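In what follows, a single structure is set out as structure tokens and then discussed.
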Amino acid sequence: LYAIETGVPDDHLKLEYRTAESTALKSISQGSIGQQTAAGLSFLLSFGNEPLVLEQPEDDLDTRMIMSLIVEQVRTMKEHRQIIIVTHNPNIVVHGDADLVHAMIDDRGQVKRDEDASGGLQEKATRQCICDVMEGGAIAFRKRFDRMGREET
């Protein structure tokens with residue numbers, strides 16, 4: 001059996017942020033929920049090399065923040081650490097260049113892996129599953145493959 005160790009550190013972390021409009025630092029507790037989420041995620045994604053599990057990191061973030069914060073940092077940091085993301089946002093999967101996707105389905109009230117749509121983004125069944133839930137999905141995939149210098153099959 002495997003166990004996940006969790007805990008709360010005894011020390012105190014003071015997070016501050018600044019907006020593009022100001023040079024003054026503010027306590028993160030004064031920020032909006034989205035600003036608090038962005039600051040916390042930025043910290044988590046920027047430091048460490050141990051595996052990281054994120055559940056729905058897109059909550060409380062707008063699309064611009066998802067792309068500039070989560071996607072960009074995941075693409076950078078996945079070279080240095082394993083990152084497992086549970087998400088409902090296919091943009092994170094596609095633009096974050098996921099190495100392995102496990103699509104989930106509801107099977108009579110039980111969440112199970114869709115065996116036909118689990119694999120890499122280069123696999124047609126996986127791409128189709130993601131495109132089925134993403135507006136403009138085919139365009140996003142084409143851009144990803146263009147970035148990688150590959151052709152879709």
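The values are calculated or read from the model by the stated rules, or taken from the named source; none is laboratory data. Not measured: the values here are computed from a predicted model. Using ideal geometry, Cβ is built from the backbone for each residue, glycine included, and neighbour counts are taken over all protein chains shown. Note: areas computed on protein heavy atoms with side chains; ligands, DNA, RNA excluded. Shrake-Rupley method; radii C 1.70, N 1.55, O 1.52, S 1.80 Å.
What is the spin-label model distance, in nm, from Leu15 to His80 if the labels are put 7 Å beyond Cα along the C-beta direction?
Each label point is offset 7 Å from its Cα along the Cβ direction, giving 1.8 nm.
Of all accessible surface on the range 1-76 at a 1.4 Å probe, what whole percent is carbon and sulfur?
Working: 3090 of 5820 Å².
Carbon and sulfur atoms account for 53 percent of the accessible area of the range 1-76.
Residue by residue through the range 78-85, which ³J(HN,Hα) values in whole Hz follow from phi under the Karplus form 6.51 cos²θ - 1.76 cosθ + 1.60 (θ = phi - 60°), with glycine and proline marked x?
5, 6, 10, 7, 7, 10, 10, 10
Heavy atoms only, 1.4 Å probe, whole protein assembly: order Phe47, Phe145 by accessible area, highest first. Let's see the in-between values first.
Numbers: Phe47 125, Phe145 10 Å².
Result, largest first: Phe47, Phe145.
Starting from the Cα of Lys14, draw a straight line to each of the lysines and keep only those under 24 Å, dropping any in the same chain fewer than 8 residues away.
Once the sequence-local lysines are set aside, what remains near Lys14 is Lys26.
Could you derive backbone 3J(HN,Hα) for the range 116-121 from the dihedral phi with the Karplus parameters 6.51, -1.76 and 1.60 (θ = phi - 60°), listing whole Hz in sequence and x where the residue is Gly or Pro?
6, 10, 10, x, x, 5
Normalised by the number of residues in the chain, what is the relative contact order in percent for Cα pairs under 8 Å and 6+ residues apart?
Numbers: 157 pairs, mean separation 21.5, N = 153.
It comes to 14 percent, rounded to a whole number.
List the residues of the range 97-126 whose backbone N lies under 17 Å from a point placed 7 Å from the Cα of Met148 along the Cα-to-Cβ direction.
Taking a point 7 Å out along Cα→Cβ of Met148, the residues of the range 97-126 whose backbone N falls under 17 Å are 97-103, 117-126.
Over the chain, with the other protein chains present, what is the accessible area per residue in square angstrom, probe 1.4 angstrom? Display every interim value, and only then the final one.
Details: 10930 Å² over 153 residues.
I get 71 Å² per residue for the chain.
Which lysines does Lys124 reach when only Cα atoms under 25 Å apart count, and residues fewer than 8 places away in its own chain are ignored?
Lys78, Lys112, Lys143
Explain nothing, just compute: Karplus ³J(HN,Hα) = 6.51 cos²θ - 1.76 cosθ + 1.60, θ = phi - 60°, for every residue of the range 33-48 in order, whole Hz, x for Gly and Pro.
4, x, 5, 5, 4, 4, 5, x, 5, 4, 4, 4, 7, 8, 10, x
Relative to the longest principal axis of the C-alpha atoms of the chain, give the angle of the C-alpha long axis of helix 137-148, reported between 0 and 90° and rounded to the nearest 10°.
80
Enumerate the residues in the range 62-88 having an amide nitrogen under 17 Å from the point lying 7 Å beyond the Cα of Leu100 toward its Cβ.
Once the point is set 7 Å along Cα→Cβ of Leu100, 78-87 turn out to lie under 17 Å by backbone N, inside the range 62-88.
Mind giving me the FRET efficiency for Ser29 and Asp59? R0 is 25 Å, r the Cβ-Cβ distance, nearest 0.05 is fine. Let's see the in-between values first.
Working: r = 18 Å, r/R0 = 0.74.
Rounded to the nearest 0.05, the efficiency is 0.85.
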